[in-house]
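Engineer: This is the structure I want to talk about, given as structure tokens.
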Amino acid sequence: MGPLRKGFRRAYDGEFVAYYNARAAMLRNTAYLLCGDWHLAEDLTQVAFTKLYRAWPRIERHDTLDQYVRQVLLRTFLDERRRPWRREKPTPPEDAVLDVTAPETGGTEDREVLRNALQQVPKRRRAVLILRFWADMPVERVADVLGCSTGTVKSQTSRGLTDLRDALGRLSPSTTGGRK
């Protein structure tokens, strides 16, 4: 059954590679919004696509792949945050140059302020905000992805937006270029 399985897998590789090439950047950006770290975003994206590859032959509806892979990404992110070694935050030396390879296309100052504020929102609320407003998912779909009620999604959205507004208000004028 091993050689048959190998041949079976190869039949789907082309479809998977095409999907990966079309969606990897979008998923990586979503992961970055969740975690705020490009290296962790790469790891989360890789794990999500690995899980998708393993499930590819069993997936019957390829029109829902975006939703499925976002759900896998979100669950992977939430699981990663629970692991003890992820709780430690090493601080770089004062003279270290941090490499940020975010693709920037304009309005970088506003994006940076928003990204910093978003990182101050609790992770569950941040996940709801990203799914609702970045991934443009309806309340019902977010509830399905998170395994909660639509009322919970609505309340987490409201609280998350309040947290985000508060975080934006707390940012110093030097961070926002003199704006509030």
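Engineer: Could you list, in sequence order, the residues of region 22-50 that are assigned to a helix (DSSP H, G or I) and of a type in the set (Gly, Ala, Ser)?
Structural biologist: Selection gives 22, 24, 25, 31, 41, 48.
Engineer: Restricting the search to region 106-141, which residues are in a helix (DSSP H, G or I) and closer than 18 Å to residue 79 by Cβ?
Structural biologist: Residues of region 106-141 in a helix (DSSP H, G or I): 108-119, 123-134, 139-141.
Of everything in region 106-141, those that are in a helix (DSSP H, G or I) and closer than 18 Å to residue 79 by Cβ turn out to be 123, 124, 125, 126, 127, 128, 130, 131.
Engineer: Can you tell me which residues in region 62-78 are surrounded by fewer than 15 Cβ atoms within 10 Å (Cβ to Cβ) and either in contact with a helix residue (DSSP H, G or I) (Cβ under 9 Å, 6 or more places away or on another chain) or among the small types (Gly, Ala, Ser) (or both)? Step through it out loud before you land on a result.
Structural biologist: Filtering region 62-78 down to residues surrounded by fewer than 15 Cβ atoms within 10 Å (Cβ to Cβ) leaves 62-64, 78.
Listed by number, the residues that qualify are 62, 78.
Engineer: What residue, among those in region 14-38 that are at pLDDT 90 or above and among the charged types (D, E, K, R), is surrounded by the fewest Cβ atoms within 10 Å (Cβ to Cβ)?
Structural biologist: In this case the residue turns out to be 23.
Engineer: For a quick check of your reading of the model, give me the residue pairs whose first member lies in region 52-67 and is closer than 13 Å to residue 12 by Cβ, whose second is β-branched (Val, Ile, Thr), with beta-carbon atoms closer than 9 Å and at least 6 apart or on different chains.
Structural biologist: What qualifies is 52/59; 52/69; 52/72; 55/72; 65/59.
Engineer: Something else: Considering only region 56-111, how many residues are more than 14 Å from the chain's Cα centre (by Cα), of a type in the set (Asp, Glu) and either within 24 Å of residue 167 (Cβ to Cβ) or modelled with pLDDT of 80 or more (or both)?
Structural biologist: Residues in region 56-111 being more than 14 Å from the chain's Cα centre (by Cα), of a type in the set (Asp, Glu) and either within 24 Å of residue 167 (Cβ to Cβ) or modelled with pLDDT of 80 or more (or both): 4 in total.
Engineer: Test residue 151 against the stated conditions and say whether it is surrounded by 15 or more Cβ atoms within 10 Å (Cβ to Cβ) and either of a type outside the set (Asp, Glu) or not assigned by TED's automatic domain parsing to the domain that holds residue 41 (or both). Even if it seems obvious, please write down each step before you answer.
Structural biologist: Details: surrounded by 15 or more Cβ atoms within 10 Å (Cβ to Cβ): no; either of a type outside the set (Asp, Glu) or not assigned by TED's automatic domain parsing to the domain that holds residue 41 (or both): yes.
Judged against the criteria, residue 151 is not a match.
The values are calculated or read from the model by the stated rules, or taken from the named source; none is laboratory data. Everything quoted here is computed from the prediction, not taken from an experiment. Cβ coordinates were reconstructed from backbone atoms using ideal geometry, including for glycine residues, and neighbour counts include every protein chain displayed.
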